[in-house]
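The values are calculated or read from the model by the stated rules, or taken from the named source; none is laboratory data. In this text, all values refer to a predicted model and were calculated from it rather than measured experimentally. Note that we place each Cβ from the backbone using ideal geometry, even for glycine, and neighbour counts take in every protein chain shown.
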């Protein structure tokens, strides 16, 4: 139960939902935990090492000049096990999802989008907020005409993939107060997801030309990206849930190993599943992609969240967690939650 002094609310918001934030010590099980509830819950939540950012769309209050919604950003900070409010800011438009927010070197960067009045088209902007959550950097109309599908942040770069687009828009964040559009990468003929390998290389997953394919690109020249390696996973009879849930992809950058969920059907009768689980790949700049194993999951289930802990890989799906030994890739346990 929560006492009244543990409850707060976001005054600009509305609705019956709420966010619950808990601070629990994993080093001292006897330490008292901190628990707070925030009414009028935010729409998207992002957490860094020491801060939680909650984005709340402001549906019932509009800019009088352009008639677009705004988003309030609330920052909660964590110190010595305590949770406290440490800042508030706002930007034009709305945040498409939780992946469109990032904190780096004291700056908070986000992508927001809105429908341009009169033109009836979607516009995506990039905002950089300082430690006081004041806008200190802005890039206008980075994407025009399509909704944002996915965003990936690296140290000094931001990559934006619009919905139903085969292009990736890059933004240079090396100067936080002066974010700049850095060109458009045309990489695919189908749906596309991107993951950063390092500052100059990205891994993509796409399903263009009726096939599922992995590619590794050198993007040091933004005007002319170079595909270094390509790995075809299958044609026609293979699917992945990644395009609906980007968190089902796990990338261990320390070992350059990643796992992605796949479902393979009988080539003649597509309703018959012949494999359901995940493929594990190793990737590097010298050899490209190498499949090092696979994980079999129960039929009609899909990976919700992969997680690595204590030398094991956990594949969560609904009320089941399959535990895999990370060294030999063998299933060692299955946990069912009630």
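Annotations for the structure displayed:
- Count of region 43-70 residues which are modelled with pLDDT under 80 and either touching a helix residue (DSSP H, G or I) at 6+ places or on another chain (Cβ under 8 Å) or not in a strand (DSSP E or B) (or both): 6
- Residue list for region 275-327, restricted to those being modelled with pLDDT of 75 or more and part of a loop (DSSP other than H, G, I, E, B): 285, 286, 287, 310, 311, 326, 327
- Of all residues in region 169-182 being in contact (Cβ under 8 Å) with a residue 40 or more places away in the chain and part of a loop (DSSP other than H, G, I, E, B), the one that is surrounded by the fewest Cβ atoms within 10 Å (Cβ to Cβ): 177
- Test: residue in region 240-249 that is in a strand (DSSP E or B) and touching a strand residue (DSSP E or B) at 6+ places or on another chain (Cβ under 6 Å): no
- Cβ-Cβ distances below 9 Å connect the following pairs, each with a first residue in region 125-141 that is on the phi > 0 side of the Ramachandran plot and at pLDDT below 95, a second residue that is surrounded by fewer than 19 Cβ atoms within 10 Å (Cβ to Cβ) and part of a strand (DSSP E or B), and a separation of six or more residues or different chains: 141/116; 141/181.
- Taken as a whole, the structure places residue 185 among residues that are more than 19 Å from the chain's Cα centre (by Cα) and crowded, with 19+ Cβ neighbours inside 10 Å.
- Every pair of residues 6+ apart whose Cβ atoms lie under 9 Å, when the first sits in region 316-328 and is exposed (fewer than 13 other Cβ atoms within 10 Å of the Cβ) while the second is outside any strand (DSSP E or B): 318/301; 318/302; 318/304; 318/337; 319/337; 319/338; 327/311
- Identity of the residue in region 142-168, in a strand (DSSP E or B) and more than 26 Å from residue 54 (Cβ to Cβ), that ends up modelled with the highest pLDDT: 144
- Any hit, region 96-117, residues being surrounded by fewer than 19 Cβ atoms within 10 Å (Cβ to Cβ), part of a helix (DSSP H, G or I) and in contact (Cβ under 8 Å) with a residue 24 or more places away in the chain: yes
- Check on residue 241, closer than 21 Å to residue 153 by Cβ, in contact with a helix residue (DSSP H, G or I) (Cβ under 6 Å, 6 or more places away or on another chain), in contact (Cβ under 8 Å) with a residue 40 or more places away in the chain and surrounded by 13 or more Cβ atoms within 10 Å (Cβ to Cβ): no
- Here residue 216 meets each of (1) without any contact (Cβ under 8 Å) to a residue 60 or more places away in the chain; (2) in a strand (DSSP E or B) with one exception, condition (1).
- Conditions (1) touching a residue at least 60 places away in the same chain (Cβ under 8 Å); (2) part of a loop (DSSP other than H, G, I, E, B); (3) surrounded by fewer than 19 Cβ atoms within 10 Å (Cβ to Cβ): number failed by residue 229: (2)
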